[in-house]
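Beneath this line is the structure, given in structure tokens, with notes to follow.
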Amino acid sequence: MTSDPVPLPSLTADAVVDLERQYLLQNYSRYPLVLHRGKGCHVYDVNGARYLDFIAGIGVNALGHAHPRIVKVIREQAALLIHSSNLYYHQYQGPLAKKLAETSGLERTFFTNSGTEAMEGAMKMIRSHGNKSGTGKHEIISLDNSFHGRTLGALSITGQAKYRQDFEPLPPAVRFVPANNVEALETAFSDSTAGMVLELIQGEGGIYPISPEYQRKARELADRYNALLVFDEIQCGVGRPGTYFAYQRTKPVVMPDVIVAAKPLACGLPLGAIVANEKAAATIGPGMHGSTFGGSALACRVALEFFDILEGLLPSIQQVGGYLHVMLNELARKHSFVKEVRGFGLMIGVEMEIPGKQMVLDAMAEGLLINCTHDTVLRFLPPYIITERDVDTAVKVIGKIFAKQKGSPA
Ligand SMILES: *Cc1c(COP(=O)(O)O)cnc(C)c1O
């Protein structure tokens with residue numbers, strides 16, 4: 001089989017960086033890496049250097065880069081119909097919503113373009129549910145250290161000051177509670193509670209899993225006070241934990257009323273989803289919500305193809321994710337500055353007593369892409385198609401970097 005020649009980059013790395021410095025809002029502090037293309041678990045920069053991609057577009061590129069089946073359906077669908085708006089039907093929202101219902105155990109879907117937009121919609125469901133159910137029933141309970149997105153609504157339930165402080169005042173009636181503290185949760189719930197939002201493995205917050213007891217208590221209290229329970233599965237869901245969704249790891253399963261999903265859903269095309277049970281879905285009636293771009297034919301068709309592939313990948317996500325966890329734990333035991341290895345499946349964080357930023361740059365120089373969240377947590381969100389050999393390569397790089405730190409055995 002012959003493959004097409006790879007087109008050369010149109011700009012040098014310096015030219016790209018200069019243009020961005022001049023013309024973009026200066027909100028991102030990017031790593032000094034200008035990417036050109038990707039294939040499988042690797043990306044290549046404009047100079048042709050190759051990197052093993054263990055961050056996958058922050059958990060978005062679930063099938064890595066240029067997966068042949070994804071490329072094929074994008075080509076086909078782009079030539080047929082990219083977007084048609086929600087004025088009309090197309091062939092892919094219905095089947096994809098059916099797939100989401102079958103895999104989640106929930107019933108009805110609304111499609112968005114991003115995680116934040118899905119979270120906004122879920123918050124509208126909570127407020128609408130509260131308004132329909134009683135006077136003054138407005139409050140949303142959320143966790144300290146959580147992250148739910150960057151819009152004003154999503155920020156109002158994001159429990160980290162650094163994201164919020166420049167944008168006050170934010171929408172009111174939000175109450176924050178410490179994660180995994182059952183007593184504090186009991187105290188927080190009241191007849192004013194309209195809903196609770198929970199990310200079962202806090203991603204941005206440093207890969208912190210929420211305990212099964214806490215999940216059960218949240219469900220029990222939401223039922224007692226007639227509040228909607230929303231799970232933010234944007235980062236921890238859609239295959240990454242080795243199950244379709246993170247809540248399915250807990251036995252017996254604690255069912256939410258609503259989940260929001262996004263990141264890996266369409267393998268890099270913008271697509272998010274709110275998936276709700278009938279009770280929560282009934283809070284949004286005709287005309288109450290909408291989106292121009294949400295659920296395009298292109299994005300939905302890609303997501304359907306992805307689900308078709310994902311089913312067969314779940315065992316290997318568990319297997320290779322378990323292997324990554326074990327190998328990182330082995331490294332951790334040799335280095336006293338490593339505090340803990342946390343996470344499930346292919347969502348793993350290594351918490352250290354020292355900052356991780358320079359280690360991320362060192363890893364990049366060694367051909368490995370990871371990132372650092374919460375200053376001291378190295379975060380691994382590789383594509384679902386990685387092998388144990390890829391893990392060996394990555395862990396070797398991390399080992400080499402760890403060995404250079406103070407507090408490591410010589
Ligand atoms: C990324 C993320 C969001 C925001 O999603 P966007 O697609 O960036 O809008 C919300 N919640 C969680 C848990 C996330 O990881």
In the chain, if the dipole is taken from +1 on Lys/Arg beta carbons and -1 on Asp/Glu beta carbons about the Cα centre, which of ASN181, LEU8, ASN145 is farthest to the positive end?
LEU8
Cα gyration tensor, region 329-410 - rounded (a/c under 1.5), prolate or oblate:
rounded
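Calculate for the chain the 222 nm mean residue ellipticity that helices alone would give, adding -39,500 (n - 2.57) per DSSP H run of length 4 or more and normalising by residue count, nearest 500 deg cm²/dmol.
Counting only the DSSP helices, I get -11500 deg cm²/dmol.
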Euclidean distance of C-alpha centroids, region 140-174 and region 80-111, integer Å:
29 Å
Along region 217-226, what does the Karplus equation 6.51 cos²θ - 1.76 cosθ + 1.60 (θ = phi - 60°) give for ³J(HN,Hα), rounded to whole Hz, x for Gly and Pro?
5, 4, 5, 4, 6, 4, 5, 4, 9, 6
Please get the size of the charge dipole for the chain, origin at its Cα centre, with Cβ charges of +1 on Lys and Arg and -1 on Asp and Glu, quoted in debye to the nearest 20.
280 debye
Go ahead and set up a Gaussian network model of the chain, Cα springs under 10 Å, then flag whichever of GLY322, GLY134, GLY237 fluctuates most.
GLY134
Where in region 26-101 are there chymotrypsin sites (Phe, Trp or Tyr not before Pro) that are in a DSSP coil and have at most 10 other Cβ atoms within 10 angstrom of their Cβ?
TYR28, TYR88, TYR89
Compute the Cα gyration tensor for the chain, then decide on rounded, prolate or oblate, letting a ≥ b ≥ c be the square roots of its eigenvalues: rounded whenever a/c is under 1.5, prolate when a/b is larger than b/c in the other cases, and oblate in all that remain.
oblate
Could you tell me which of the pairs LYS124/LYS263; LYS98/LYS263; LYS162/LYS251; LYS39/LYS98; LYS39/LYS406; LYS72/LYS396 are separated by over 24 angstrom between their Cα atoms in the structure shown?
LYS162/LYS251; LYS39/LYS98; LYS39/LYS406; LYS72/LYS396
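Values quoted throughout were computed directly from the atomic coordinates according to the rules given, and no laboratory measurement underlies them. What you are looking at is a predicted structure, and each value in this text was computed from that prediction instead of being measured. All Cβ positions, glycine included, derive from the backbone under ideal geometry; neighbour counts span all protein chains shown.
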